[in-house]
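Here's the structure, in structure tokens; my notes come after.
The values are calculated or read from the model by the stated rules, or taken from the named source; none is laboratory data. It should be emphasised that the depicted structure is a prediction, and the values quoted were computed from it without experimental measurement. FYI the Cβ positions are ideal-geometry reconstructions off the backbone, even for glycines, and counts take in every protein chain you see. What goes into the accessible areas is simple: the full protein's heavy atoms, side chains included, and nothing from ligands, DNA or RNA. Shrake-Rupley method; radii C 1.70, N 1.55, O 1.52, S 1.80 Å.
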Amino acid sequence: REVEECSEHWGVTPVRLLYDLGLLDLHVLAAHCVHLTEEDMDIIKEKGVHVSHCPASNLKLASGFAPVAVLHERGVNVALGTDGPASNNRLSIIREMGLTALVSKGIAEDPTRIPAELALKMATVNGARALGMDGRLGTLKQGYKADIVLIDVEGPYYRPWWDNAAVHLVYGGQAGDVDTVWVDGQMLMENKQLRSIDLERVYYEVNKIR
């Protein structure tokens, strides 16, 4: 409806309107992008717009599914997001990786679309780039911030183990497998226990608000 209303009122798509207004000359991270025309995708590529793909939210609301494989093939930087709890009950970036890879394959009827390694890159390296923080975040490298996630791979869906860890994580992993987390060198979770948040207090406050 938003696209239709924009076209009716302005005679162009939302992407073209932003282009005409000069807003795409800035660093832009565009969320969702589920209804893009060929011209829209050309503009996004031309202006270096970054796309935040939120598959679980889009599927829950039946909004559509962004043409992430096509965007990637055109050289557009596609990262992954979750949107918010009103349209995504889990907010798990691991789940978003799996959905991105699986649904892209199903839509195209092509099992080679969005391989696991690319889905993992969308959740890490591409995300840092989309935020304008490439060179500081998104990969384990000297000089980068120490943002590190350790995954517990003892679950049966990680067996038999083979060399492609991305395949195991993207197609079998789940949020509960996250064992330890550092953000900028600060440990926030250890052995699946939160160190900076009192979870029982959060539950209490949420229930009280409800």
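The table that follows gives values for the structure above.
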| item | result |
| --- | --- |
| Hits in the stretch 20-55 (condition: over 20 Å from the mean Cα position of the chain (by Cα), under 20 Å from G132 (Cβ atoms) and of a type outside the set (K, R)) | G22, L23, L24, D25, L26, I43, E46 |
| Residues (closer than 15 Å to C33 by Cβ and touching a strand residue (DSSP E or B) at 6+ places or on another chain (Cβ under 7 Å)) located in the stretch 91-106 | E96, T100 |
| Residue identified as within 20 Å of R113 (Cα to Cα) and out of contact with any Lys or Arg (no Cβ under 7 Å at 6 or more places or on another chain) among H32, H27 | H32 |
| Options R90, R95: the member that is in contact (Cβ under 8 Å) with a residue 60 or more places away in the chain, part of a helix (DSSP H, G or I) and either farther than 21 Å from Y171 by Cα or open to solvent by 10 Å² or more (accessible area, probe 1.4 Å) (or both) | R95 |
| Number of positions in the stretch 65-85 that are out of contact with any strand residue (DSSP E or B) (no Cβ under 7 Å at 6 or more places or on another chain) and at pLDDT 95 or above | 10 |
| Criterion (touching a residue at least 12 places away in the same chain (Cβ under 8 Å), touching an Asp or Glu at 6+ places or on another chain (Cβ under 7 Å) and over 19 Å from V183 (Cα atoms)) met by exactly one of A116, A56, A69, A108 | A56 |
| Answer from I114, I44 - the residue that is over 30 Å from G22 (Cβ atoms) and surrounded by 22 or more Cβ atoms within 10 Å (Cβ to Cβ) | I114 |
| Residues (polar (S, T, N, Q) and over 21 Å from D177 (Cα atoms)) located in the stretch 191-210 | N207 |
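Conditions (1) open to solvent by 60 Å² or more (accessible area, probe 1.4 Å); (2) not acidic (D, E), marked per residue:
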| residue | (1), (2) |
| --- | --- |
| L137 | no, yes |
| V149 | yes, yes |
| D152 | no, no |
| P156 | yes, yes |
| R159 | yes, yes |
| A165 | no, yes |
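Here is a yes/no grid of residues against (1) open to solvent by 90 Å² or more (accessible area, probe 1.4 Å); (2) more than 17 Å from M97 (Cα to Cα); (3) among the polar types (S, T, N, Q):
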| site | (1), (2), (3) |
| --- | --- |
| Q142 | yes, yes, yes |
| K145 | no, yes, no |
| G173 | no, no, no |
| G176 | no, no, no |
| L194 | no, yes, no |
